[in-house]
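Remarks on the structure that follows.
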Amino acid sequence: PFVVEAGTPGVIIAKVEEKLGIRASDTASIIFDNARIPADNVLGDAEVKTGAGEKGFKGAMKTFDSTRPIVAASAIGIGRAAFEFTRDTLAKEGVKIEYGKPRWKLSSVQADLLEMEAQLRAAWLLTLKATALLDAREENKLESSMAKAKAGRAVTMITQKAVELLGPLGYSTELLVEKWMRDAKINDIYEGTGQINTLIVAREILGYTRNELK
């Protein structure tokens, strides 16, 4: 992998994509036409430049251990906004979460709200653990993938449920709820999909290599 600076001759932005969500961040198709990239722009050490080993590639891949908790935190922010807005809106209509009651005594809406909150808190705690290890410069491959996989799936569920519970109001573009739902899914895709991160978690827990568990 390498870094390409803006304005490099031979680098052409072919198309800026129209996307479902995160529209404030451009995603573009890029063409390299005889572009020359300085050796200093290659990520990793000399081994990756000469092909002598995998250390450079592994080092580049290890950056995911730092970026996955960031994506998880982003997902939690979106999920929290959707959950709190839905909870507060329904509370104004007399539908409130009743903590301490058996699940079978709750209405379906109350049960959904509790599940949304539970998923949000679980993702938050996993992300706290992953970032704490990162701050301490300790190994966090397992925890970062756990946090990313959990948060990506949780925010997708939470935002979809918010739209459902709020009915026409949730589906309307007058509110941010539908935008949160559109922005949520990418958190389950980039920095490794939910499936990839679940696979990494399984390898780390079971002690398998990439070749042993694909």
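Sites counted here are GluC sites (Glu not before Pro) in a DSSP loop (not H, G, I, E or B) having no more than 16 other Cβ atoms within 10 Å; the longest part of the chain that contains none of them is 99-137.
You can think of it this way: the chain between Val4 and Gln160 has 52.4 nm of extra reach, that is 0.36 nm per residue less the Cα-Cα gap. Charge dipole of the chain (Cα centre as origin; +1 on each Lys and Arg Cβ, -1 on each Asp and Glu Cβ, all else neutral): 520 debye, rounded to the nearest 20. Once C-alpha pairs closer than 8 Å and six or more residues apart are averaged by separation and normalised to the residue number of the chain, the relative contact order reads 21 percent.
Measuring between their Cα centroids, region 86-160 and region 1-31 lie 34 Å from each other.
Quick check on the chain: helices-only [θ] at 222 nm, where DSSP H runs of length 4 and up contribute -39,500 (n - 2.57) each and the sum goes over total residues. Nearest 500, please.
My calculation for the chain gives -18500 deg cm²/dmol from helical runs alone.
For the set Lys96/Lys148; Lys101/Lys161; Lys62/Lys161, the pairs lying more than 32 angstrom apart at their alpha carbons are Lys62/Lys161.
Apply the membrane-span-like helix rule to the chain: whole DSSP H runs, Cα extent along the own long axis of at least 15 Å, mean Kyte-Doolittle hydropathy at least -1.0. List the helices found. Going by DSSP H runs, the hits are 64-92, 108-135, 141-166, 194-206. Computed from label points 7 Å out along Cα-Cβ, the spacing between Thr67 and Glu212 is 2.8 nm.
Each pair of Cα atoms in the chain enters the Kirkwood radius, and Stokes-Einstein at 25 °C and 0.890 mPa s then converts it into a translational diffusion coefficient of 124 µm²/s.
None of the figures in this text is laboratory data; all of them are computed from the coordinates on show. None of the values given here were measured: they were computed from a predicted structure. Because the Cβ atoms are built from the backbone with ideal geometry, glycine has one as well, and the counts that use them run over all protein chains shown.
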